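Quick note: the coordinates plus some simple rules give every number you see, no bench work behind them. None of the values given here were measured: they were computed from a predicted structure. Neighbour counts run over all protein chains shown; Cβ positions are idealised from the backbone, glycine included.
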Amino acid sequence: MGQPLSLDLDDPNGRPYFLWSENITFAGLRAKLASTDLDERALWMARVMREARYQDVFRLLRLSDVLELWPRIDRHLGRMRPFWHWLIEGWRTDGLLPPA
């Protein structure tokens, strides 16, 4: 883990600033986010949603993928769970997303 943390989400060799405890690059993270194992994918999506700055979350994730895997993601959100529930339910209430 000698490589410094990076804010550059477009640098495939950069180490994500929000995954400081993991020895992973942005390329490795993107591979995890594309995994065919839905539980693994949901876990890594939740890590992004839990730790990354909000403005970076949807540079790494697609909302449609979040909604599709929401039941699997939800249990991994930790302290950010109330925020994401508030946000997604607010979008539904405002008619920006279909009802669950």
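Under the rule of at least 5 residues apart or a separate chain, name every residue whose amide H is placed under 5 Å from the amide H of Ser6.
Arg15, Tyr17
Once Lys and Arg get +1 and Asp and Glu get -1 on their Cβ, which of Asn13, Gly78, Leu43 lies farthest toward the positive end of the dipole of the range 5-93?
Gly78
Which order, highest average first, do 38-49, 16-27 follow once you tally other Cβ atoms within 10 Å for each residue and take the mean per peptide?
Highest to lowest by the protection proxy: 38-49, 16-27.
Explain nothing, just the number: dipole magnitude of the chain about its Cα centre with +1 on each Lys and Arg Cβ and -1 on each Asp and Glu Cβ, in debye rounded to the nearest 20.
200
Work out the FRET efficiency for Gln3 and Glu40 from their Cβ-Cβ distance, taking R0 = 25 Å, and round it to the nearest 0.05.
After rounding to 0.05, the efficiency reads 0.65.
At 222 nm, what helix-only mean residue ellipticity would the chain give, in deg cm²/dmol to the nearest 500, using -39500 (n - 2.57) for each DSSP H run of four or more?
Only helices count here, giving -15000 deg cm²/dmol.
Between Arg79 and Tyr17, what length comes free when the chain is fully extended (0.36 nm per residue of separation minus the Cα-Cα distance, one decimal in nm)?
Residue separation times 0.36 nm, minus the Cα-Cα distance, leaves 20.5 nm.
Angle between the Cα long axis of helix 81-93 and the longest principal axis of the chain, 0 to 90 degrees, nearest 10?
Once rounded, one gets 50 degrees.
Match the structure shown to one of the listed values (1) -0.39, -0.60, -1.42; (2) -0.51, -0.68, -1.21; (3) -0.77, -0.92, -1.19 of log10 I(q)/I(0) by the Debye sum over Cα atoms at q = 0.12, 0.15, 0.25 Å⁻¹, computed from it, and give that label.
(1)
Grab the other residues whose beta carbon is less than 15 angstrom from that of Arg75, score K and R as +1, D and E as -1, and report the net.
Once all neighbours under 15 Å are counted, the net charge is +3.
In whole Hz, what ³J(HN,Hα) sequence does the range 16-32 give by Karplus (6.51, -1.76, 1.60; θ = phi - 60°), x for Gly and Pro?
x, 4, 8, 10, 4, 8, 10, 8, 9, 9, 4, 5, x, 4, 4, 5, 5
So, in nm, how far is label Asp94 from label Leu67 when the simple model puts each one 7 Å beyond its Cα toward the Cβ?
Placing both labels 7 Å along Cα→Cβ, they lie 1.4 nm apart.
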